[in-house]
Amino acid sequence: MLKQLISAASLVLGLLAAAPALADAGAETLVRQISTEVIDTAKADKAIQAGDLNRILALVEGKVMPHVNFEVMTRSAVGVQWRSATPEQRTKLQTEFKTLLVRVYSGALAQVKDQTVEVTKTLPVSGSAQLVVQTEVRGKGEPIKLDYRLDKMADAWKIIDVNVGGLWLVQNYRSQFAQELTKGGIDGLIHTLAERNKAAKS
């Protein structure tokens, strides 16, 4: 069930559809840009529909990932031990975490058929410039409720977390990472992520 929820959350990163205006024109522009470029490309590209991983990876890397702040997501997922990580370790962590997320998103995009997304509400996060955008993914079966946390950085909106059915993905990864950090520290976590990514390629 958790795997399905994570896939659904990943799917919406590439399926944010045109919807009622968000609280800021920049955020609305981001939503419309992603929806137009990614949905149209995924549905029209025969190679993507056939599951061509390289084409899917290229689409995700080029159209979705620039709108995700991986440094913030990685720092949040690693937790307090991020402070003690060296610059080199931080770079490796961010690289491996990004690779992991790109593959999760790509696997979800391969399933794009007739799903639609409706933004149901946008709420400001108290004390910050962040927004939580609440959405529903609609297709066959019951709608899946999803929330997105976006932060405004250097005048650009970035996705920093996704909530699926009450579960924030970064928080979920934080729990997984905590176990690896306890066993092997920062280097152990880097090794685990690298091995997971290698396995995904085979």
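Within segment 59-75, residues that are farther than 20 Å from SER175 by Cβ and in contact (Cβ under 8 Å) with a residue 40 or more places away in the chain sit with their Cβ atoms under 6 Å from residues that are among the aromatic types (Phe, Trp, Tyr) and crowded, with 19+ Cβ neighbours inside 10 Å, at 6+ positions apart or across chains, in these pairs: VAL60/TYR105. Just one of the listed residues (VAL102, VAL80) is touching a residue at least 24 places away in the same chain (Cβ under 8 Å) and either closer than 28 Å to GLN115 by Cβ or part of a helix (DSSP H, G or I) (or both), namely VAL102. Taken together, the residues in segment 86-99 that are assigned to a helix (DSSP H, G or I) and over 14 Å from LYS198 (Cα atoms) amount to 8. Taking each residue of segment 106-127 that is at pLDDT below 70 and looking for partners that are β-branched (Val, Ile, Thr) and surrounded by fewer than 18 Cβ atoms within 10 Å (Cβ to Cβ) with beta-carbon atoms closer than 7 Å, six or more apart or interchain, yields nothing. Residues considered: THR135, THR91. Of these, the only one that is among the polar types (S, T, N, Q) and at pLDDT below 90 is THR135. Pick from segment 161-180 the residues that are aromatic (Phe, Trp, Tyr) and within 16 Å of the chain's Cα centre (by Cα): which of them is surrounded by the most Cβ atoms within 10 Å (Cβ to Cβ)? So, considering only residues that are aromatic (Phe, Trp, Tyr) and within 16 Å of the chain's Cα centre (by Cα), the one surrounded by the most Cβ atoms within 10 Å (Cβ to Cβ) is TYR173. Here ALA25 meets the list (1) closer than 28 Å to GLY165 by Cβ; (2) modelled with pLDDT under 75; (3) not acidic (Asp, Glu) almost entirely, failing just condition (1).
When LYS145, LYS158 are checked against the criterion of being free of Cβ contacts under 8 Å to residues at least 60 places away in the same chain and either assigned to a strand (DSSP E or B) or buried (at least 20 other Cβ atoms within 10 Å of the Cβ) (or both), a single residue qualifies: LYS145. One residue stands out in segment 46-77 among those that are among the small types (Gly, Ala, Ser) and in a helix (DSSP H, G or I): the one that is surrounded by the most Cβ atoms within 10 Å (Cβ to Cβ), namely ALA77.
The values are calculated or read from the model by the stated rules, or taken from the named source; none is laboratory data. Quantities reported herein were computed from a predicted structural model and do not represent experimental measurements. Neighbour counts run over all protein chains shown; Cβ positions are idealised from the backbone, glycine included.
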